[in-house]
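Note sheet for the following structure.
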């Protein structure tokens, strides 16, 4: 069954897909967005990946032991570097009472309510004229080497959506891989990927009691993680077998609630259905144990309980589709700039140990940001396709930074703009002039840094 035809087809309704669809429509394209779940938001809603991480340059001083806040203390206080559709979504969330504005109090993250998020993005898509199809899982392409006709599995049977240009925002690069684009998986030395995590919301939390404990034990809490002595005590008593090195949780948009990021399932691959099945079972058992630990050992959690877990386990890393440029960890850590910049990022290299406990954190230079070039969104060997989000072209180390929501949505907006310009001109995305993409991104409110300023000057001449 042929379900729809459009200028631009966006596959995946997470932050990258939302950025792509809204941007393509803003650029004048007829857009169809297809999502596997019955709601939008991707990992932000399906996997409860919250809060929305900082999109501001880093302050120079590190967080202090004993910081009582429930938000990252080593981000923000600098300049925001991600704007455009990303900020539009945040503003609508705040307006709907579903998010807290970024500030020093939130560590410049954006705590949000995932249920409000779902409602807000429906309204945004409807207002922009984007057509969308839910409950449809991309299973392949009709023609090898091309992504212009994508097959989706649905309750109505297989359906096909065709478009002049397609944007793969599946996270796993499903469509790019099916079309024949080359890709890499995992770190270079052994192919292992970052572990999966089932996030969950805990309510009945007493922040005053917890703050009192941290004040009395300043060496036991570092901004959003810690409780090392309590973890050791519970482990020795046989009440806890924690899969990571400490407990990690964040404040949310609601008082008395935290989002817990303390489960970890290693050596599983998100493109393997058997691994996904095992990860769901293991992570849910871990969640039950962590929730009991919080309740029985941690001051402030005596009356707490799990109110919601992710619809699915959160997958950090799968395929990285190889493009015209491969972003590296060095590019991130040196805040490298590119002439074909289409997005910027500030999040650190953040690698959860693929083998178990331990996390590597290496920051972007204070007060600076790195560029993501357009070449990272252009898959090799496929001409009618762009990628966006965590499946863009980069190394294992670079991926650990650009996988977060602000950067994912920024690459989505860039991919949507390039796709719209390609469809309108009858060209492939690779044939679209970088300056045209940059000019349209700037018109849509995107911050491209120094290159953006020069592109704006070129446009005004």
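The values are calculated or read from the model by the stated rules, or taken from the named source; none is laboratory data. All figures in this text were calculated on a predicted structure; none of them were measured in a lab. Here the Cβ is made from the backbone with ideal geometry for all residues, glycine too, and neighbour counts use every protein chain on show.
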**OP:** Determine whether residue 231 is over 27 Å from residue 47 (Cα atoms), buried (at least 16 other Cβ atoms within 10 Å of the Cβ) and outside the structural domain of residue 352 (by TED's automatic domain parsing).
**Re:** no
| surrounded by fewer than 23 Cβ atoms within 10 Å (Cβ to Cβ) and either in a loop (DSSP other than H, G, I, E, B) or at pLDDT 95 or above (or both) - does that describe any residue in the stretch 13-23? | no
Going through the stretch 385-430 in order, the residues found to be under 11 Å from residue 168 (Cα atoms) and not in a helix (DSSP H, G or I) are 385, 386, 387, 388, 392
Within the stretch 116-145, the count of residues that are in contact with a helix residue (DSSP H, G or I) (Cβ under 7 Å, 6 or more places away or on another chain) and assigned to a strand (DSSP E or B) comes to 4
Only unsatisfied item for residue 220, checking (1) at positive phi; (2) touching a strand residue (DSSP E or B) at 6+ places or on another chain (Cβ under 7 Å), is (1)
Expected single match for in contact (Cβ under 8 Å) with a residue 60 or more places away in the chain and under 24 Å from residue 319 (Cα atoms) among 117, 112, 122, 152 is 152
The residue from 246, 241, 212 that alone is within 31 Å of the chain's Cα centre (by Cα), over 23 Å from residue 350 (Cβ atoms) and not assigned by TED's automatic domain parsing to the domain that holds residue 173 is 241
Quiz prompt | Any hit, the stretch 261-282, residues being farther than 30 Å from residue 183 by Cβ and either at pLDDT below 95 or surrounded by fewer than 22 Cβ atoms within 10 Å (Cβ to Cβ) (or both) | solution = no
Note to self: Would you confirm whether or not the stretch 267-282 contains a residue that is assigned to a strand (DSSP E or B), within 25 Å of residue 407 (Cβ to Cβ) and in contact (Cβ under 8 Å) with a residue 40 or more places away in the chain?
What the structure shows: no
Here the residues within the stretch 372-382 that are more than 15 Å from residue 395 (Cα to Cα) and either within 18 Å of the chain's Cα centre (by Cα) or not in a loop (DSSP other than H, G, I, E, B) (or both) are 374
